[in-house]
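First the structure, in the form of structure tokens, and then the observations on it.
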Amino acid sequence: MLFALCLPRMDSAAAVVEPPAPDVVIPAPSSQYDLDYRLRFLPADGRVLVTATVRQPRYLLREVRFRFDPGRYRDFGGDGQLDIDGKQLRWRPPDDGGSLRFSVLLDHQRRGGGFDSLMRKDWALFRGDDLFPPAAVTALKGAHAKARLHLAGPEGWSFVTAYPRLRKSSQWYRIDWPDRRFDRPVGWMAAGRLGVRREEIAGRKVAIAGPTGQGVRRLDMLAFLNWNLPALTLVFPGFPDRLLLVSAGDPMWRGGLSGPRSLFLHADRPLISANGTSTLLHELVHVAQDYRAARGEDWIVEAIAEYYTLEIMHRSGTLTRQRRDRGFARLEQWAERSKGLEGDHSTGARTAKGVTVMRALDAELRRRTKGRYSLDDVARTLAEQGAEVSIERLREISAQLAGGPLAALSDEQLARK
């Protein structure tokens, strides 16, 4: 924080300063600055033009820094001081604000095939994270952004985000993340010639969006959410009040991917798999969790999500008890192929092994507390606290509920899993 001390010039006689009248309010200097994001889609070029504009009453936002992929980000320009060193950008806007401009090649293919960001002639599916990377900022202490997002493209294109419009017919959206001082437009979005279905489910505003002609089963997904979202929000009452689900067919990645208040599901992905689990519900649990795993312990986050795909569908009546138990039995068989739980990316057998840990933890909690607590209370507490998830954190919360350490999470038991 910068301070300036100004003293009045004193003549030989002391100056008399009149205090303000009691009913006069002297407003404090504003600590809020305006931050506008403008995205213009150019499908003929495969590019999106990005402009971030800052307007501030005084020098609140001092510097913005982020890393970028030179293969996708280019054409940088801006007001004030702009320095680019390899993959690192540093922008110092003028005292009263200014604009940073660049373009992004939207298409991005995952390792192993399939795109998680794609623009075609008539549509685009992407995450806002792809267009404005995570940034580190230097700002006056207490300064925070009031952010908006504007989307524009060819004639006939429409846009869907998980953010509320400022007005019904406006293309401006309000970006507000209370836990962040520099808000970015993160999460999944859809643009182009779209089919959209909207509904309110469990008190949440839900939208299913996808390009026309892509075989997106919008009503099937809404029906699935009507069955299962109420049961999910009982476990995670902090589930976002708005949810966007976007979908398309090939060459998009043939799976599901969650984001803040949003998720993607490939149009050909079954709502319920042959083993009784559900990619859609798995990603919905990730939306509800809204936390990250500590390094090497991704299995905890993934196992909780996979556990609840079966448990929530049983509670909602989507699956009978027999089919739920059969699904857990198949995961136990799959878990035997895993060589351990630790790893930065938990998939397949490792996640299945983690589900066996969660089942054992749930059973022990219920037994130790005579049914007062269960895994629901652990998962809910993790989501409410939002801290990085580790085995130590899992043990701490579980022990607080049970009144002592639990055997299901002991080193000996985890080594056997």
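The values are calculated or read from the model by the stated rules, or taken from the named source; none is laboratory data. Since we're looking at a predicted model, the values are computed, not measured. In this analysis, Cβ positions are derived from the backbone assuming ideal geometry, glycine residues included, and neighbour counts consider all displayed protein chains. Heads up: the accessible areas ignore ligands, DNA and RNA and are worked out on the full protein's heavy atoms, side chains in. Shrake-Rupley method; radii C 1.70, N 1.55, O 1.52, S 1.80 Å.
Within region 214-225, residues that are over 14 Å from ILE201 (Cα atoms) have Cβ atoms under 6 Å from residues that are crowded, with 19+ Cβ neighbours inside 10 Å and of a type outside the set (Lys, Arg) in these pairs: GLN214/ALA248; VAL216/GLY210; VAL216/SER247; ARG218/ILE208, counting only partners at least 6 apart in sequence or on another chain. Residues in region 60-87 that are assigned to a strand (DSSP E or B), over 18 Å from ASP129 (Cα atoms) and open to solvent by less than 60 Å² (accessible area, probe 1.4 Å): LEU61, ARG62, GLU63, GLY77, GLY78, LEU82, ASP83.
Restricted to region 222-247, and to residues there that are open to solvent by less than 30 Å² (accessible area, probe 1.4 Å) and over 20 Å from the mean Cα position of the chain (by Cα), the residue that is nearest to VAL186 (Cα to Cα) is LEU222. Among the residues of region 134-148, the one identified as open to solvent by 50 Å² or more (accessible area, probe 1.4 Å) and within 16 Å of the chain's Cα centre (by Cα) is PRO134. Contact map, region 244-267: first residue at positive phi, second residue crowded, with 24+ Cβ neighbours inside 10 Å and assigned to a strand (DSSP E or B), Cβ cut-off under 8 Å, separation 6 or more or different chains; pairs are ARG261/LEU244.
Taken over region 99-112, the criterion of being over 21 Å from the mean Cα position of the chain (by Cα) and farther than 15 Å from ASP83 by Cα is satisfied by SER103, LEU105, ARG111, GLY112. Put simply, of PRO27, PRO57 the only residue that is open to solvent by 60 Å² or more (accessible area, probe 1.4 Å), touching a Phe, Trp or Tyr at 6+ places or on another chain (Cβ under 8 Å), modelled with pLDDT under 95 and outside any strand (DSSP E or B) is PRO57.
Just one of (1) open to solvent by 80 Å² or more (accessible area, probe 1.4 Å); (2) on the phi < 0 side of the Ramachandran plot; (3) at pLDDT below 95 fails for ARG101. It is (3).
Give me a count of the residues in region 261-304 that are touching a Ser or Thr at 6+ places or on another chain (Cβ under 7 Å), surrounded by fewer than 22 Cβ atoms within 10 Å (Cβ to Cβ) and aromatic (Phe, Trp, Tyr). So the count comes out to 0. The residues of region 107-133 that are open to solvent by less than 60 Å² (accessible area, probe 1.4 Å), of a type in the set (Gly, Ala, Ser) and not in a strand (DSSP E or B), listed by number, are GLY113, GLY114, GLY128.
Does at least one position in region 153-161 carry a residue that is out of contact with any Cys (no Cβ under 9 Å at 6 or more places or on another chain), free of Cβ contacts under 8 Å to residues at least 40 places away in the same chain and surrounded by 17 or more Cβ atoms within 10 Å (Cβ to Cβ)? Yes, region 153-161 has at least one match.
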